[in-house]
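Engineer: Right, I'll just put the structure down here and ask away after.
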Amino acid sequence: MEGSPDINIVLTNSLSPDATLRNAAEQQLTQAAETNFSQYLVTLVTELANENAQGHIRAAAGLALKNAFTAREFAHQAALQAKWLNQTDQETKTRVKELALQTLSSTNAQAGQATAQVVASIATIELPRNQWPDLMHSLVRNVSEGNPHQKQSSLTAIGFICESPDQELRSSLVTHSNAILTAVVQGARKEETSGEVRLAAITALGDSLEFVGNNFKHEGERNYIMQVICEATQADDSRIQQGAFGCLNRIMALYYENMRFYMEKALFGLTILGMKSEDEDVAKLAVEFWSTVCEEEIAIEDDNAQVESSEQMRPFYNFSRVATNEVVPVLLDLLTKQDEDASDDEYNISRAAYQCLQLYAQAVGAAIIPPVILFVEGNLRHEDWHNRDAAVSAFGAIMDGPDEKVLEPIVKSGMQPLIGMMDDPSVQVKDSTAYALGRITEACSEAIDPTQHLDPLVVSLFNGLMSSPKMAASCCWALMNLAERFAGDPGAAQNPMTPHFNQSVTNLLTVTGRMDCEAAVRTAAYEVLNVFVQSSANDSLAAVASLSTVIIQRLEETVPMQAQVVSVEDKITLEDMQTSLCTVLQAIILRLDKEIAPQGDRIMQVLLQILNIVGGKSSVPEATFATISALSNAMEEDFVKYMDAFAPFLYNALGNQEEPSLCSMAIGLVSDITRSMGERSQPYCDNFMNYLLNNLRSTALANQFKPAILQCFGDIAGAIGGHFETYLTVVAQVLQQAATVTAAAEGSYEMFDYVVSLREGIMDAWGGIIGAMKTSNKTQVLQPYVPSIFQLLNSIAGDSNRSEALMRASMGVIGDLADAYPGGELVEAFRQDWLTVLIKETRTNREFQSRTVDTARWAREQVKRQIGGTQNVMLQT
């Protein structure tokens, strides 16, 4: 890379759209960095600082230099940073930093931007280590005394430094807050004549707000910062306005408690004016300001509801409620600014307004209703579809927030007109109506009268689903909500949806069976079918049984399709269809339970065919396994007839550590199958145990797999009884080792949760093992491990970090142990005070479910029998 012509060619090629040239150039750069890192850095920074070089070459040099210090992957980034810190001589470091700071004054915009990134990438390494102490002072001086290009590049560098996600850097920036603020506020003032400088400053100010908390505590500094930002909302350049409103959003989220004065004096008016801006990006950010206000006030009210004393309460100023009559009408007007050509995921002003209206309803409750109802009544029959669409959207937006009893009469009176809007000539309006109906069915379903509303509602939603792909998602969501809401009590002969069940299934099969059906519509319709089956009443079971034949046949028809796949898109479409069909079939099996048995052979045949042909990295095996799990639960020990054919697929999944989710599904499936087949699962248990133990030892699988594996040991023991003795020594050793895992007091929440779930797994395992040994009269083989079980129980008793599931499993183990040794062999262990207290704490906990309390009561009775009525005062009721 020595010599200017060569480096210029390599750098030019590193930006080439030609992949061959670009890859070759990147390899040359990598090789040069590995050969002589210091020389590589000096070569690049020299080219970056070369005022005679072309801008794109200087930018490429800056990018390559930045990439010498940063990487997306944490381990790679740490290695690069270590290279700079430990393998780069001081002379090179000084040279690189001096030339980078010098290049910030370049009149070439590309060079200045690239240099700002270089400065920020080195700062990320050095500032947390108290190195480069004069950097911030240099940047402040540049902003104060430099030319416009130098000001802009220096401010951009500050912005890049402040937006870095590096936690060590972010912590260190607090000590530089004065310097940062001095630079960015000076550059953001209205007196700054360069718009580019002011834009860079306001952008950097937004990125730095998290670090200037100490400055915000001082009224004088806070007033000046707020003045500069408020003035920037009125700048001629809309980009500066956007930056200013972005700052206000961030300030409201960070410093709500300091905002009362500014809201009263300026921000109410400025933000409402901003919402009306002709520049959509400015208007969106002004709307988002009120979304932030609502989010903060919702969070504060939630926090204040949980404190124990008034001194702990956060300041709450009711900004949103005070401004309701000014802000909400503007939001409603913005709802009429829809773009009918906008894609579903496009974020525009009307969608920003809709999101804000939803939050407003949650923040102010019933206060939102009068202005919204006034708007709905005035626009529901408007000749312009934009207004009609806004009316139905607004009605749906306020369903979550006001008390349901307040909404109920309003929704009841509005249901018929709203259902009528499903016949609107505009597809946009019909789609918004379907979504609004979905909101009602989700949040205010009590207002839906089954006798009056259900029939026209179901008919209109299916008409929408079958008439337009654009409406499918909204119609499907509303139909799922209806099915769940009117499912009735489990086991009931009928529910309000029963009269609509057969026609609904017919409609859904028609939609999903169309050759021209869009993949997303088909998937959504199958989701609806899934929920309808789950929510069906007993009178619909015959229809569900008939449906099973159709679904199995459709699954069978997907098998030959595998050979017709010629593109990635074909593969995704086919796998989505197979996954959807498996999910519906799973719901059918769960609903029919043992009645599915006559279809068992056909179901397993097609599922095994699919498992045999589906490729790796697919979601289909997981869906197939879930269906097989349901079938094994339904068929119980009769499932054994499929095991010889299915076991190889299950073993492969258990050993597939490259696909953790599939491996996790397989672990759960082992539990399901062994519980279902009981002792008939014994021939397969050697393999199960080998794979499970290998997975426990694996470094490729996350710790989160371990509790499920331990629980699986318990399920296997419960299934095969005394035959589990073969594995007892190894499993007991694993359980004892797992019991030593603890979380340090300063540990993460994740670690605390992991320890609890691990202990749940240990207790579930011991519960299954103790029961297995007891029923086979082999309790004597357990005795060497009993002390370690009591030791873990003692640890649990002394640890406040515990869940209800852990306590229930612990009570089960205590009771099982007492029951397993009725001769009083463990009497001394059961007389320990901490054990008595543990049982009582669980038995008297009013927050626990009845089954947990009942398990604790049963454990207490078993312990009383063990002790034999001797001194057990604390165990008395």
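The values are calculated or read from the model by the stated rules, or taken from the named source; none is laboratory data. Quick caveat, the model's predicted, so the values are computed rather than measured. Reconstructed Cβ throughout: ideal geometry from the backbone, glycine too, with neighbour counts over all protein chains shown. When the accessible area is computed, the model is the full protein with side chains, heavy atoms only, and any ligands, DNA or RNA have been set aside. Shrake-Rupley method; radii C 1.70, N 1.55, O 1.52, S 1.80 Å.
Engineer: Within the set of pairs 6+ apart or on separate chains, which have a first residue in region 633-657 that is touching a residue at least 12 places away in the same chain (Cβ under 8 Å), a second that is assigned to a loop (DSSP other than H, G, I, E, B) and surrounded by fewer than 16 Cβ atoms within 10 Å (Cβ to Cβ), and C-beta atoms under 7 Å apart?
Structural biologist: Partner pairs satisfying both residue conditions: 657/698; 657/700.
Engineer: Being touching a helix residue (DSSP H, G or I) at 6+ places or on another chain (Cβ under 6 Å) and in contact (Cβ under 8 Å) with a residue 60 or more places away in the chain narrows it down to one residue among 44, 48, 21; which is it? Walk me through how you get there before you give the answer.
Structural biologist: Values: 44 fails: in contact (Cβ under 8 Å) with a residue 60 or more places away in the chain; 21 fails: in contact (Cβ under 8 Å) with a residue 60 or more places away in the chain.
Among 44, 48, 21, only 48 is touching a helix residue (DSSP H, G or I) at 6+ places or on another chain (Cβ under 6 Å) and in contact (Cβ under 8 Å) with a residue 60 or more places away in the chain.
Okay, residues lined up against (1) out of contact with any strand residue (DSSP E or B) (no Cβ under 8 Å at 6 or more places or on another chain); (2) of a type outside the set (D, E, K, R); (3) surrounded by fewer than 16 Cβ atoms within 10 Å (Cβ to Cβ):
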| site | (1), (2), (3) |
| --- | --- |
| 181 | yes, yes, no |
| 191 | yes, no, yes |
| 242 | yes, yes, no |
| 247 | yes, yes, no |
| 252 | yes, yes, no |
| 261 | yes, yes, yes |
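Engineer: Quick one: count up the residues across region 436-458 that are open to solvent by 70 Å² or more (accessible area, probe 1.4 Å) and more than 20 Å from residue 530 (Cβ to Cβ).
Structural biologist: So in region 436-458, the residues open to solvent by 70 Å² or more (accessible area, probe 1.4 Å) come out as 442, 446, 451-452, 455.
Adding the requirement that they be more than 20 Å from residue 530 (Cβ to Cβ) leaves 446, 451-452, 455.
Qualifying residue count for the region: 4.
Engineer: Okay, next question. Take residue 393 and decide whether it is part of a helix (DSSP H, G or I) and over 34 Å from the mean Cα position of the chain (by Cα). Reasoning before the result, please.
Structural biologist: Working: part of a helix (DSSP H, G or I): yes; over 34 Å from the mean Cα position of the chain (by Cα): no.
Criteria not met by residue 393.
Engineer: Which condition does residue 739 not pass, out of (1) at pLDDT below 95; (2) surrounded by fewer than 19 Cβ atoms within 10 Å (Cβ to Cβ), if it passes all the others?
Structural biologist: Result: residue 739 passes all but (2).
Engineer: Now for a different question. Consider only pairs whose beta carbons are under 6 Å apart and that are at least six residues apart or on different chains; among these, list those whose first residue lies in region 163-179 and is more than 15 Å from residue 69 (Cα to Cα) and polar (S, T, N, Q) and whose second residue is part of a helix (DSSP H, G or I) and at pLDDT 85 or above.
Structural biologist: Correct list of pairs: 172/127; 172/128; 177/215.
Engineer: Are any of the residues in region 562-579 of a type in the set (A, V, I, L, M, F, W, C) and touching an Asp or Glu at 6+ places or on another chain (Cβ under 9 Å)?
Structural biologist: Initially, region 562-579 is screened for residues of a type in the set (A, V, I, L, M, F, W, C), giving 563, 565-566, 568, 572, 574, 577.
Keeping just the survivors that are touching an Asp or Glu at 6+ places or on another chain (Cβ under 9 Å) gives none.
Checked against the condition, which is being of a type in the set (A, V, I, L, M, F, W, C) and touching an Asp or Glu at 6+ places or on another chain (Cβ under 9 Å), region 562-579 yields no hits at all.
Engineer: Check 668, 678 and return the single one that is in contact with a helix residue (DSSP H, G or I) (Cβ under 7 Å, 6 or more places away or on another chain), open to solvent by 10 Å² or more (accessible area, probe 1.4 Å) and on the phi > 0 side of the Ramachandran plot.
Structural biologist: On the way: 668 fails: on the phi > 0 side of the Ramachandran plot.
Unique residue meeting the criteria: 678.
Engineer: Output the residues belonging to region 17-54 that are open to solvent by less than 10 Å² (accessible area, probe 1.4 Å) and more than 20 Å from residue 85 (Cβ to Cβ).
Structural biologist: Residues satisfying the conditions are 25, 48.
Engineer: Taking region 400-435, which residues are in a loop (DSSP other than H, G, I, E, B), open to solvent by less than 40 Å² (accessible area, probe 1.4 Å) and among the charged types (D, E, K, R)?
Structural biologist: Narrowing region 400-435 to residues in a loop (DSSP other than H, G, I, E, B): 400-403, 424-426.
Subsequent filtering for residues that are open to solvent by less than 40 Å² (accessible area, probe 1.4 Å) retains 401-402, 424, 426.
Passing the criteria: only 424.
Engineer: Which residue pairs have Cβ atoms under 6 Å apart, sit 6 or more places apart or on different chains, and have a first residue in region 831-854 that is under 22 Å from residue 787 (Cα atoms) and a second that is modelled with pLDDT under 90 and open to solvent by 50 Å² or more (accessible area, probe 1.4 Å)?
Structural biologist: Filtered contacts from region 831-854: 836/874.
Engineer: May I ask you to say which residue of 199, 155 is over 18 Å from residue 245 (Cβ atoms) and either buried (at least 18 other Cβ atoms within 10 Å of the Cβ) or under 33 Å from the mean Cα position of the chain (by Cα) (or both)?
Structural biologist: Values: 199 fails: over 18 Å from residue 245 (Cβ atoms).
Exactly one residue qualifies, and that residue is 155.
Engineer: How do the pairs read when you match residues in region 357-378 that are open to solvent by less than 40 Å² (accessible area, probe 1.4 Å) with residues anywhere that are charged (D, E, K, R) and at pLDDT below 95, using Cβ under 8 Å and keeping only pairs 6 or more apart or on different chains?
Structural biologist: 358/400; 361/400; 365/403
Engineer: Could you tell me which of the residues 302, 345 is farther than 28 Å from residue 421 by Cα, at pLDDT below 95 and out of contact with any Lys or Arg (no Cβ under 6 Å at 6 or more places or on another chain)? Show your work before the answer.
Structural biologist: Values: 345 fails: farther than 28 Å from residue 421 by Cα.
Exactly one of 302, 345 is farther than 28 Å from residue 421 by Cα, at pLDDT below 95 and out of contact with any Lys or Arg (no Cβ under 6 Å at 6 or more places or on another chain), namely 302.
Engineer: Right, here's the next one. For region 459-480, name all the residues that are in a helix (DSSP H, G or I) and either in contact with a Pro (Cβ under 9 Å, 6 or more places away or on another chain) or open to solvent by less than 20 Å² (accessible area, probe 1.4 Å) (or both).
Structural biologist: Of region 459-480, the ones in a helix (DSSP H, G or I) are 459-467, 469-480.
Selection gives 460, 461, 462, 464, 465, 471, 472, 474, 475, 476, 478, 479.
Engineer: So which residues in region 161-179 are open to solvent by 70 Å² or more (accessible area, probe 1.4 Å), in contact with a Pro (Cβ under 9 Å, 6 or more places away or on another chain) and among the charged types (D, E, K, R), if there are any at all?
Structural biologist: 168
Engineer: If a residue must be open to solvent by 20 Å² or more (accessible area, probe 1.4 Å) and farther than 13 Å from residue 770 by Cα, how many such residues does region 780-797 contain? I'd like the intermediate steps shown before the answer.
Structural biologist: Residues of region 780-797 that are open to solvent by 20 Å² or more (accessible area, probe 1.4 Å), as a first pass: 780-781, 783-785, 787-788, 791, 794-795, 797.
Now narrow it down to the ones that are farther than 13 Å from residue 770 by Cα: 787-788, 791, 794-795, 797.
The total comes to 6.
Engineer: For region 559-593, which residues satisfy the criterion of being in contact with a Leu (Cβ under 8 Å, 6 or more places away or on another chain), under 17 Å from residue 512 (Cα atoms) and surrounded by fewer than 20 Cβ atoms within 10 Å (Cβ to Cβ)?
Structural biologist: 561
Engineer: With the condition kept exactly as written, say whether any residue in region 605-623 is in contact with a Phe, Trp or Tyr (Cβ under 9 Å, 6 or more places away or on another chain), under 30 Å from residue 732 (Cβ atoms) and surrounded by fewer than 21 Cβ atoms within 10 Å (Cβ to Cβ).
Structural biologist: No, because not a single residue in region 605-623 is in contact with a Phe, Trp or Tyr (Cβ under 9 Å, 6 or more places away or on another chain), under 30 Å from residue 732 (Cβ atoms) and surrounded by fewer than 21 Cβ atoms within 10 Å (Cβ to Cβ).
Engineer: Tell me which residues, restricted to region 644-663, are open to solvent by 10 Å² or more (accessible area, probe 1.4 Å), in a helix (DSSP H, G or I) and over 20 Å from residue 731 (Cβ atoms).
Structural biologist: Just the residues of region 644-663 that are open to solvent by 10 Å² or more (accessible area, probe 1.4 Å), to begin with: 644-645, 648-649, 651-652, 655-662.
Applying the additional criterion that residues be in a helix (DSSP H, G or I) yields 644-645, 648-649, 651-652, 660-662.
Matches in region 644-663: 644, 645, 648, 649, 652, 660, 661, 662.
Engineer: Moving on. Residue 343 fails exactly one of the following numbered conditions: (1) more than 26 Å from the chain's Cα centre (by Cα); (2) farther than 27 Å from residue 369 by Cβ; (3) not charged (D, E, K, R). What is the number of that condition?
Structural biologist: Among (1) more than 26 Å from the chain's Cα centre (by Cα); (2) farther than 27 Å from residue 369 by Cβ; (3) not charged (D, E, K, R), residue 343 violates only (1).
Engineer: Okay, moving on. Quick one: which of 746, 725 is part of a helix (DSSP H, G or I), surrounded by fewer than 23 Cβ atoms within 10 Å (Cβ to Cβ) and of a type in the set (Asp, Glu)?
Structural biologist: 725
Engineer: Does residue 641 count as open to solvent by 50 Å² or more (accessible area, probe 1.4 Å) and not in a helix (DSSP H, G or I)?
Structural biologist: Working: open to solvent by 50 Å² or more (accessible area, probe 1.4 Å): yes; not in a helix (DSSP H, G or I): no.
Here the answer is no, as residue 641 does not meet what is asked.
Engineer: Looking only at residues in region 681-717 that are outside any helix (DSSP H, G or I) and either basic (Lys, Arg) or more than 16 Å from residue 652 (Cβ to Cβ) (or both), which one is most open to solvent (accessible area, probe 1.4 Å)? Don't jump to the end; show me each part of the working.
Structural biologist: Residues of region 681-717 that are outside any helix (DSSP H, G or I), as a first pass: 698-704.
After this cut, where a residue has to be either basic (Lys, Arg) or more than 16 Å from residue 652 (Cβ to Cβ) (or both) as well, the list is 699, 702-704.
Values: 699: 141, 702: 49, 703: 69, 704: 123 Å².
Residue satisfying both the conditions and the ranking: 699.
Engineer: Every residue in region 704-743 that is aromatic (Phe, Trp, Tyr) and under 33 Å from the mean Cα position of the chain (by Cα), please. Working first, answer last.
Structural biologist: Quick first cut of region 704-743, residues aromatic (Phe, Trp, Tyr) only: 705, 713, 724, 727.
705, 713 - these are the residues of region 704-743 that are aromatic (Phe, Trp, Tyr) and under 33 Å from the mean Cα position of the chain (by Cα).
Engineer: Looking at region 269-317, which of its residues are hydroxyl-bearing (Ser, Thr, Tyr), assigned to a helix (DSSP H, G or I), free of Cβ contacts under 8 Å to residues at least 60 places away in the same chain and open to solvent by less than 60 Å² (accessible area, probe 1.4 Å)? Break it down into steps so the answer makes sense when it comes.
Structural biologist: Pass one, region 269-317, residues hydroxyl-bearing (Ser, Thr, Tyr): 271, 277, 291-292, 309-310, 317.
Narrowing the set further to residues that are assigned to a helix (DSSP H, G or I) leaves 271, 291-292, 310.
The next check asks that each one be free of Cβ contacts under 8 Å to residues at least 60 places away in the same chain; those that pass are 271, 292, 310.
Scanning region 269-317 gives 271, 292.
Engineer: Right, here's the next one. Within region 750-759, is even one residue over 22 Å from residue 661 (Cβ atoms), in contact with a helix residue (DSSP H, G or I) (Cβ under 8 Å, 6 or more places away or on another chain) and basic (Lys, Arg)?
Structural biologist: If we filter region 750-759 for residues that are over 22 Å from residue 661 (Cβ atoms), which is where we start, we get 751-752, 755-756, 759.
Right, trim to in contact with a helix residue (DSSP H, G or I) (Cβ under 8 Å, 6 or more places away or on another chain) and you get 756, 759.
Going one step further and asking which of them are basic (Lys, Arg), we end up with 759.
Looking for residues that are over 22 Å from residue 661 (Cβ atoms), in contact with a helix residue (DSSP H, G or I) (Cβ under 8 Å, 6 or more places away or on another chain) and basic (Lys, Arg), one finds at least one in region 750-759, hence yes.
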